[in-house]
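Every number here is computed from the coordinates shown, using simple stated rules; none is lab data. Predicted model only: the values in this text are computed from it and were never measured. Ideal geometry is used to build each Cβ from the backbone, glycine not excepted, and the neighbour counts take in all protein chains shown.
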Amino acid sequence: MKDWDDLRFFLAVARKGSIRGAAALLEVNHSTVSRRIDAFEKKLGARLFERLPSGYFMTHAGEGMRQSAESIEAEFHAIDRRVVGRDAKPSGLLRVTLLDAMAQKLLMPDIVQFNRAHSGIELELVASDSTANLSKREADVAIRISNDPPDSLVGRRVVKLATASYASVDYLARMARPDGKSDLTWIGWDDPVSDPQWVRDGPYPEIPARNRINHSMLQLEAAKAGMGMAVLPCFLGDAERSLRRVAPERATPLWEIWLLTHEDLRRTARVRLFMDFMANAILAKKDLLEGRCPQ
């Protein structure tokens, strides 16, 4: 077991339960995964997986191997973080994860400005709604929207993030009726009912939700195109000329924006520089983020 890659391939198959799933996780060809697992089992003289039509299932030997492999993996990542954490030079690769809506509509000019000011730091942006695992170095810094960030991470809460209800001017005019009523609808998220809790708790519980879009950027575009009313982060809704807040027009602070990293990386020069820079950039947009900039 001198080759750490053997354990990486083993753990990927153990976690995904299939060769194709492991290949996608490792970003290699599925035949490579199959070949590596077969060779690893031959080297050990033990069968680690039962090959069934429904997937790969660990044998008793595989279960025992997994616990040891995960311990080795955790120590491997800890060593990696500690080595990177001693880096005092503002240079090298910096992996940053953040929501794509924040990257596209809010922070990209600031990220570019940071990149120009620190040309020795190469940025890798992972725009994703999912939570990157900082312990495994899937990212060095996370800009997260959360009210309960993981205890394993360190950083700072920067500002609140507010939401409000929006609709296009054309949609509001088109849905108005002579009797003073309307045929307004909400754009739904991923709720299978027309009156989910967020509708019942909102200012217009009698207005149903129709259609379902589970992504804020797509909700934004749907509202602009006149599909219905949408609950959006204020930094998205207030920046669009074609949208207006729906009465009573109030903004509701729901979430917090955090800048986070792992304890082992907090003193790394490039991590510290980026987190300080982005904290100031986000604070400069505090009124927009907290909903004090309605049109």
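Of all GluC sites (Glu not before Pro) in the range 167-262, which ones are in loop regions per DSSP and have a Cβ with at most 15 other Cβ atoms within 10 Å?
Passing sites in the range 167-262 are 206, 249.
Provide, in order from the shortest bin, the percent of all Cα-Cα pairs of the range 4-85 in each 10 Å bin, continuing until the bin that contains the maximum pair distance.
Result returned by the calculation: 18, 50, 25, 6, 0.
In the chain, if the dipole is taken from +1 on Lys/Arg beta carbons and -1 on Asp/Glu beta carbons about the Cα centre, which of 196, 146, 30 is farthest to the positive end?
30
Once phi is turned into θ = phi - 60°, what whole-Hz ³J(HN,Hα) does the Karplus curve with 6.51, -1.76 and 1.60 give for every residue of the range 251-264, x standing for Gly and Pro?
Result, ordered by residue: 9, 10, x, 10, 10, 10, 9, 10, 9, 10, 8, 8, 3, 5 Hz.
Quick one, what does Rg over Rh come out to for the chain if you take C-alpha atoms and the Kirkwood Rh?
Expressed as Rg/Rh, it is 1.08.
Just from its helices, what would the mean residue ellipticity at 222 nm be for the chain, if runs of 4 or more DSSP H residues each count -39500 (n - 2.57) and the sum is divided by every residue, rounded to the nearest 500 deg cm²/dmol?
Mean residue ellipticity, 222 nm, calculated: -11500 deg cm²/dmol.
Could you list 30, 262, 60 in order of exposure, starting from the residue whose Cβ has the fewest other Cβ atoms within 10 Å?
Listing 30, 262, 60 from fewest to most nearby Cβ atoms yields 60, 30, 262.
On full extension of the chain, what length is gained from residue 157 through residue 31, given 0.36 nm per residue of separation minus the C-alpha to C-alpha distance?
40.9 nm
Give the order of 293, 234 when sorted by the count of other beta carbons within 10 angstrom, beginning with the fewest.
Lowest to highest Cβ neighbour count: 293, 234.
About the Cα centre, and with charges only on the beta carbon of Lys, Arg (+1) and Asp, Glu (-1), how big is the dipole of the chain? Nearest 20 debye, please. Please report the intermediate quantities before stating the final value.
On the way: 43 positive and 40 negative charges, 96 e Å.
Once rounded to the nearest 20, the dipole reads 460 debye.
The range 162-253: percent of C-alpha pairs farther apart than 21 Å? Intermediate values should be presented prior to the final figure.
Numbers: 937 of 4186 pairs.
Everything past 21 Å amounts to 22 percent.
Only counting other Cβ atoms within 10 Å, I'd like 218, 11, 265 sorted with the fewest neighbours first.
Fewest-to-most Cβ neighbours within 10 Å comes out as 218, 11, 265.
Please give me, ordered by residue number, the trypsin sites (Lys or Arg not before Pro) of the range 206-249 that lie in loop per DSSP and have at most 13 other Cβ atoms within 10 Å. Could the numbers behind the result be given before it?
Working: sites: 210, 212, 224, 241, 244, 245; in loops: 241.
Passing sites in the range 206-249 are 241.
Using amide H atoms built 1.01 Å from N in the peptide plane, name the residues 5+ places from residue 256, or on other chains, whose amide H lies under 5 Å from its own.
146, 147, 161
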